[in-house]
Amino acid sequence: MTAAMHQILVVEDEPGIRTVVRVMLQSAGYRVIGADTATRAEIEARTHRPDLLIVDLGLPDGDGLEVIRRVRAWSPVPIIVLSARIMEEQKVAALDAGADDFVSKPFGSPELLARVRAALRRSVRSGTVLQLTIGRALIDLTRRSALVDGHDLHLTPLEYRVLESLARNSGMIVTPRQLLREAWGPARLGDTRTLRVCIRNLRAKLEPEPSRPKHIVTEAGLGYRLRLDEPPDAQRDRVGPGDLSTAG
């Protein structure tokens, strides 16, 4: 995956540093979103679903550790801490909260970009299905694009997120609770009706016979299973099964 396909959320309250980091990342080909408070950070993370977060620990409305904990509660996205806090116990606290790496201020561009590349490589290896084939549809989850017989097919951002969750666990049962947590976040764990509507819409768009689905199938009383046209190990850039321990 090229850098231009990656979107990074920079959570930093100092405008000068936020601008420096933004320019640094954009010059390397990344797309960048900014947030200057803990509240804004969580909103942007949920809205844009970035591929990586860079988080300062000292924010005006809260501690960056809480941002990390809240995001980590619903997403495995890589998180790099960028902070002037240099005590070992502070670094340990950030890693224990769910951060993947820690870069101390002041920092150099080569170091930060190297840490970003390393975190994204780890994420891809453990991470996300990039393309999948369902019936006559070719879906690119990174580019958020879908084609049927070479023609564009419109899927909503929510439909892409549900598909991504199913695809990461293709061939396995995914509970409604897991799908809701990964696609909507923890605040919507009880909204099974909206999930059923989303599944119905996906079937209408992707299944040859939506009333008799072959690919997005219901496992009665358990959840949903995605059956791809190829064996899971033949799908490009596949990840292993996710956490299926949560009952739904």
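The values are calculated or read from the model by the stated rules, or taken from the named source; none is laboratory data. This structure is a prediction, so every number in the text was calculated from the model and none was measured. Here the Cβ is made from the backbone with ideal geometry for all residues, glycine too, and neighbour counts use every protein chain on show. Side chains are part of the model used for accessible areas, which takes the heavy atoms of the whole protein and leaves out ligands, DNA and RNA. Shrake-Rupley method; radii C 1.70, N 1.55, O 1.52, S 1.80 Å.
Does region 75-88 contain any residue that is at pLDDT below 90, in a helix (DSSP H, G or I) and either polar (S, T, N, Q) or open to solvent by 20 Å² or more (accessible area, probe 1.4 Å) (or both)?
Yes, region 75-88 has at least one match.
Is it the case, given these coordinates, that Asn169 is within 20 Å of Arg49 (Cβ to Cβ) and modelled with pLDDT of 90 or more?
Judged against the criteria, Asn169 is not a match.
Within region 2-41, count every residue that is in a helix (DSSP H, G or I), under 27 Å from Leu141 (Cβ atoms) and not aliphatic (A, V, I, L, M).
4
Scanning for something of a type in the set (Asp, Glu) and modelled with pLDDT of 85 or more, does region 45-56 turn up at least one residue?
Narrowing region 45-56 to residues of a type in the set (Asp, Glu): 51, 56.
Within this subset, residues satisfying the condition of being modelled with pLDDT of 85 or more are 51, 56.
The answer is yes; a qualifying residue exists.
Of these, Val217, Val197, which one is surrounded by 14 or more Cβ atoms within 10 Å (Cβ to Cβ), at pLDDT 90 or above and not polar (S, T, N, Q)?
Working: Val197 fails: surrounded by 14 or more Cβ atoms within 10 Å (Cβ to Cβ).
Going through Val217, Val197 in turn, just one is surrounded by 14 or more Cβ atoms within 10 Å (Cβ to Cβ), at pLDDT 90 or above and not polar (S, T, N, Q): Val217.
Looking at region 110-119, can you tell me whether even one residue there is crowded, with 16+ Cβ neighbours inside 10 Å, of a type in the set (Lys, Arg) and touching a strand residue (DSSP E or B) at 6+ places or on another chain (Cβ under 8 Å)? Show your work before the answer.
From region 110-119, those crowded, with 16+ Cβ neighbours inside 10 Å are 112-113, 115-116, 119; that's our starting set.
After this cut, where a residue has to be of a type in the set (Lys, Arg) as well, the list is 115.
Still in the running and touching a strand residue (DSSP E or B) at 6+ places or on another chain (Cβ under 8 Å): 115.
Looking through region 110-119, at least one residue is crowded, with 16+ Cβ neighbours inside 10 Å, of a type in the set (Lys, Arg) and touching a strand residue (DSSP E or B) at 6+ places or on another chain (Cβ under 8 Å).
Return the pair list, or none, for Cβ contacts closer than 7 Å from residues in region 18-30 that are free of Cβ contacts under 8 Å to residues at least 24 places away in the same chain to residues that are open to solvent by less than 80 Å² (accessible area, probe 1.4 Å), at least 6 apart or on different chains.
Pairs that qualify, where the first residue is free of Cβ contacts under 8 Å to residues at least 24 places away in the same chain and the partner is open to solvent by less than 80 Å² (accessible area, probe 1.4 Å), are Arg18/Val10; Arg18/Glu12; Arg18/Gly34; Arg18/Asp36; Arg22/Val10; Arg22/Val32; Arg22/Gly34; Gln26/Val32.
With open to solvent by 40 Å² or more (accessible area, probe 1.4 Å) and either in contact (Cβ under 8 Å) with a residue 12 or more places away in the chain or touching a helix residue (DSSP H, G or I) at 6+ places or on another chain (Cβ under 6 Å) (or both) as the only criterion, which of Asp101, Asp96, Asp149 stands out?
Matching residue, one of Asp101, Asp96, Asp149: Asp149.
Run Arg212 past the list (1) modelled with pLDDT of 90 or more; (2) in a loop (DSSP other than H, G, I, E, B); (3) surrounded by 14 or more Cβ atoms within 10 Å (Cβ to Cβ) and report the number of the one that doesn't hold.
(3)
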